[in-house]
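*Asks:* Sharing a structure with you now.
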Amino acid sequence: MKNLQEEIISRLGVKPEIDVDEEIRKRVDFLKTYVRGAGVAGLLIAISGGIDSAVAAGLCKLATDELSEESGQPYMTLGVFQPYGEQSDIADSYATATALGLKHTVETNIEDAVTEVALEVEQGLKQLEIHRHISRGAKGNTKARMRMVVQYTLAFDLNLLVVGTDHASEAVTGFYTKWGDGAVDLTPLSTLNKRQVRQLAEKLSIPRSVLDKAPTAGLWEGQTDESELGITYKDNCDYLEGKEIPDEVREKLEKQFKLTEHKRAPIPGI
């Protein structure tokens, strides 16, 4: 009988080690097949300035370049930059697009839209005799969801599929906004852990400034994934590769997995 670690690894499809070239080829082919089948004009990827979106963008660019060459028709990878007001690391988003040779990019600032949503929610709270601003977590999640609203509106008018950056190291902890930044059309990184995403990044020549950055969801100033969860990506990746990690960390990670099962499950119905 499998223990919980073995069940999680099997469910998320993580390999203990990878052949980087093979993984890139498999994921590019996956994207190409889906684009052809959907009859769309290409792919949209939001480039946050972090390593996950950079790798996803690199895979998208390879896929649409190959589709264009093979078909003689233009296929697009659209890179979308989505700051909330002033984004301190926006230069990393642009550096990623430049390094990958993206021809099509847009910047859409979400601050005003998020502010309007927050104001409307606070008016709703007042009607319940609750007089306060929305919580930091609620506002952070609203940022994620507003980014998706913009992405899907662009994708609809340009006939593109929206590509997500979800991977196994996020899935095991449930550290994403369910049906916000978690709901996309395609997730080409889904069976990789964070360490393996980094391996692909090295091969795809992602800028060093992006590779060396502490992982963050960008929900608020100074937020990082590891500080938020209290679990390092080293331990997270070791666990998903079937290695031993400290008992207290294992317990914390497995507790987090159980608590966030609803995020990985399809929308329930009767």
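*Asks:* When you scan segment 233-264, how many residues do you find that are hydrophobic (A, V, I, L, M, F, W, C) and closer than 13 Å to G174 by Cα?
*Replies:* Residues meeting the conditions: 3.
*Asks:* Still on this structure: Cβ-Cβ under 9 Å, sequence separation 6+ or interchain: first residue in segment 189-204 and closer than 14 Å to A54 by Cα and in contact (Cβ under 8 Å) with a residue 12 or more places away in the chain, partner open to solvent by 50 Å² or more (accessible area, probe 1.4 Å) and among the hydrophobic types (A, V, I, L, M, F, W, C). Which pairs?
*Replies:* The qualifying pairs are L204/L62; L204/A99.
*Asks:* Moving on to the next point. Please work out if N159 is open to solvent by 40 Å² or more (accessible area, probe 1.4 Å) and at pLDDT 95 or above.
*Replies:* Answer is yes for this residue.
*Asks:* May I ask you to list pairs of residues, at least six apart or on different chains, whose Cβ atoms are under 8 Å apart, with the first in segment 130-143 being at negative phi and the second being open to solvent by 60 Å² or more (accessible area, probe 1.4 Å)?
*Replies:* That search, which allows pairs on different chains as well, returns I134/V121; A138/V121.
*Asks:* Where in segment 1-85 are there helices (runs of 4 or more DSSP H), lying fully within it, with 2 or more residues that are surrounded by 13 or more Cβ atoms within 10 Å (Cβ to Cβ) and within 18 Å of the chain's Cα centre (by Cα)?
*Replies:* 20-38, 51-71
*Asks:* Just the residues that are out of contact with any helix residue (DSSP H, G or I) (no Cβ under 9 Å at 6 or more places or on another chain) and either outside any helix (DSSP H, G or I) or among the small types (G, A, S) (or both), please, taken from segment 105-129.
*Replies:* N109, G124, L128, E129 - these are the residues of segment 105-129 that are out of contact with any helix residue (DSSP H, G or I) (no Cβ under 9 Å at 6 or more places or on another chain) and either outside any helix (DSSP H, G or I) or among the small types (G, A, S) (or both).
*Asks:* Mind listing just one residue for me: the one in segment 133-144 that is among the charged types (D, E, K, R) and buried (at least 17 other Cβ atoms within 10 Å of the Cβ) and, of those, nearest to L78 (Cα to Cα)? Outline the logic, then answer.
*Replies:* Within segment 133-144, the subset among the charged types (D, E, K, R) is 136, 139, 143.
Next, from what is left, pick out any that are buried (at least 17 other Cβ atoms within 10 Å of the Cβ): 139, 143.
On the way: K139: 27, K143: 20 Å.
Checked segment 133-144; the qualifying residue nearest to L78 (Cα to Cα) is K143.
*Asks:* Considering K194, K203, which residue is touching a Phe, Trp or Tyr at 6+ places or on another chain (Cβ under 7 Å), at pLDDT 90 or above and closer than 17 Å to G58 by Cβ? Steps first, please.
*Replies:* Numbers: K203 fails: touching a Phe, Trp or Tyr at 6+ places or on another chain (Cβ under 7 Å).
Answer to the selection: K194.
*Asks:* Now a separate question. If the requirement is being hydroxyl-bearing (S, T, Y), closer than 28 Å to A38 by Cβ and assigned to a helix (DSSP H, G or I), which of these qualifies: Y152, Y176?
*Replies:* Matching residue, one of Y152, Y176: Y152.
*Asks:* Which condition breaks for S93 when tested against (1) of a type in the set (S, T, N, Q); (2) surrounded by fewer than 17 Cβ atoms within 10 Å (Cβ to Cβ); (3) under 27 Å from E228 (Cα atoms)?
*Replies:* So S93 meets the others, but not (2).
The values are calculated or read from the model by the stated rules, or taken from the named source; none is laboratory data. This structure is a prediction, so every number in the text was calculated from the model and none was measured. FYI the Cβ positions are ideal-geometry reconstructions off the backbone, even for glycines, and counts take in every protein chain you see. Please note that ligands, DNA and RNA were not included when accessible areas were found on the heavy atoms of the full protein model with its side chains. Shrake-Rupley method; radii C 1.70, N 1.55, O 1.52, S 1.80 Å.
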